[in-house]
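The values are calculated or read from the model by the stated rules, or taken from the named source; none is laboratory data. Remember, predicted model here, so these are calculated numbers, not experimental data. Here the Cβ positions follow ideal geometry from the backbone for every residue, glycine too, while neighbour counts run over all protein chains shown. Just so you know, the surface numbers come from the protein's heavy atoms only, side chains and all, with ligands and any DNA or RNA stripped out. Shrake-Rupley method; radii C 1.70, N 1.55, O 1.52, S 1.80 Å.
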Amino acid sequence: MAKKKKSRSTMETCFKVLQLKFDRKLSNRTIGLTLNISPSTIVEVLARFKASSTPWPLPETLTPEAIESLIFPEKKASMLTPVLPDWLHIDTEMRRPGGTRQLLWTEYRAQVGKRALGYSQFCRRYRSWKKNLRRSMRQEHRAGEKLFIDFCGPTVPVVNPDTGEVRRAAIFVAVMGASNYTYVEACEEQDMMSWLNANSRCLMFLGGVPQLLIPDNLRSAVKKADRYDPVLNESYQALAEHYGTVILPARPRKPKDKPKAENGVLIVERWLLARIRNETFHTLRGLNNRLRELLADLNNRPMKGYGNQTRAQRFALLDTPALLPLPLTAYEYTEFRAVKVAPDYHVEYARHWCSVPHELVGQRLSLKAGQTVLQVWYRGQCVAQHPRRHLEYKHTTNPLHMPEAHRGHARWTPESLLYIGRKIGPYAGLSAPVNTQNLKQAHIRR
């Protein structure tokens, strides 16, 4: 009863207790039965009245409010006004590895001493500050943990000054989860090579590798989208293994799994693409140079929700110390493809045919296409390797992959046939000038 705020009905009950006790001289038990209250409440009221040193009967000059303040005095407020912590600093430290509320509260209390908030009050006010700061926040992003990746919907035209041909450049966007640090690049298109090379250049731009790459379910990243067990593209998985990171695609049709990417794309469209809407670009390099200028301005723009800190400042403070180191060797674009060996013991890639051992005719192999080398794998072993050539509708054949009969046949030339003929007899080797072109055609018909 004493811990609750006293209402008018409570004061009326107290007056009745005092009247029955001092005027009618009733016992506490009888007063309790009369007023339907517990004896402990009666004892507390009488003890408080005695401690107030107020005479009975009550003086007529005392108002009900004055009597209530005498019997139920307010607790004296502490003379020391608490010093509130810097909530932005607390939130920043919470994102670092190992940051806990207990640790930060201990450090805060060591700084301000007796004027510090209690731990429960500290936690309650921190939660309240977080709600006011980001009412729509749904995820906690640890420093150096997540990189959200996506393509913008709008494209940017690149005009050939000689022919007037217009190509549409795709805009690659990546955003760090903890700091909102952003990377933007214009790509030829959204194909596999553009996607993987843009990912690689993004990590070089960051100067380190985050623990998780979170892309959308585009075809260049995910071969088969699934809510629980997506199937990654082999080439994208090879990039992750090269950099020592993990790919965790967002769930299909769940934009809240990648809010940083969604917001980053929106910001890029409004603050970068909108500013170049009236500019004309003739090369992809010129477009990327212009985007880098605007990106530097974006990353150094103060953010109101973070105490006017910039993305670059928060990236240097949070993400940079927590990023994994880059590998010693540079990434080389690699594409994986399942191929089937044709009867002529060749496999096709990019309209070019390369040979494999003839014993593998009809088998399904895995082709690994780098920027300079093509490798063909069978049951975990590399069975063929060729320099990559960009000659369409041509063949690259290693003689060791051919059957013995085919190798012998390939050694037949007009000169070799004449040499063999001379060994047979003087009339088998023609003494007249030989038309080698006709001999070759005859050989082919035969």
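For the chain, set up a GNM with springs between Cα atoms under 10 Å and report which of Ile42, Ile171, Ile90 has the largest fluctuation.
Ranking Ile42, Ile171, Ile90 by mean-square fluctuation puts Ile42 first.
Putting +1 on Lys and Arg Cβ atoms and -1 on Asp and Glu Cβ atoms, find which of Thr81, Gly208, Leu20 reaches farthest to the positive end of the dipole of the chain.
The residue sitting most towards the positive pole is Leu20.
Per 10 Å bin, what is the whole-percent P(r) computed from every C-alpha pair distance within region 116-214?
Percent of Cα pairs in each bin: 13, 31, 25, 16, 10, 4, 1, 0.
Using a Gaussian network model of the chain whose springs link C-alpha atoms within less than 10 Å, name the residue from Gly307, Gly421, Gly118 with the highest mean-square fluctuation.
Gly421
I'd like to know which of Val158, Asn288, His141 lies farthest towards the positive end of the charge dipole of the chain, counting +1 on Cβ of Lys and Arg and -1 on Cβ of Asp and Glu.
Going by the charge dipole, the pick is His141.
Expressed as a whole number of Å, what is the distance separating the alpha-carbon centroids of region 281-326 and region 357-392?
After rounding, the separation between the Cα centres reads 41 Å.
For the chain, what is the accessible area per residue in Å² when the probe is 1.4 Å?
On the way: 27210 Å² over 446 residues.
Ligands and nucleic acids excluded, the result is 61 Å² per residue.
Length gain on complete extension for the stretch Arg285 to Val83, per 0.36 nm per residue less the alpha carbon to alpha carbon distance?
67.4 nm
Treat every Asp and Glu Cβ in region 296-349 as -1 and every Lys and Arg Cβ as +1, leave all other atoms uncharged, and give the resulting dipole magnitude about the Cα centre to the nearest 20 debye.
500
So which residue, out of Ile420, Ile37, Ile149, gets the largest mean-square fluctuation from a GNM of the chain using Cα contacts under 10 Å as springs?
Its mean-square fluctuation being the largest, the pick is Ile37.
Counting only helical runs of four or more DSSP H residues, what would the 222 nm mean residue ellipticity of the chain come to if each run contributes -39,500 (n - 2.57) and the total is spread over all its residues?
-11000 deg cm²/dmol
Ratio of alpha-carbon Rg to the 2.2 N^0.38 Å globular estimate for the chain, to two decimals, please.
Cα Rg divided by the expected 2.2 N^0.38 Å: 1.83.
Calculate one ³J(HN,Hα) per residue across region 331-340 by plugging θ = phi - 60° into the Karplus curve 6.51 cos²θ - 1.76 cosθ + 1.60, and present them in order as whole Hz with x for glycine and proline.
6, 10, 4, 9, 10, 10, 8, 7, 10, 10
Cα-Cα over 28 Å: which of Lys223/Lys340; Lys114/Lys304; Lys394/Lys423; Lys260/Lys368; Lys223/Lys260; Lys224/Lys340?
The pairs that break the limit, which is 28 Å between Cα atoms, are Lys114/Lys304; Lys394/Lys423; Lys260/Lys368.
Could you tell me what percent of the accessible area of the chain is made up of carbon and sulfur, with a 1.4 Å probe and every protein chain present? Could you put the intermediate results ahead of the total?
Details: 14450 of 27210 Å².
So the carbon and sulfur contribution to the accessible surface is 53 percent.
About the Cα centre of the chain, how large is the charge dipole given +1 on each Lys and Arg Cβ and -1 on each Asp and Glu Cβ? Please answer in debye to the nearest 20.
1720
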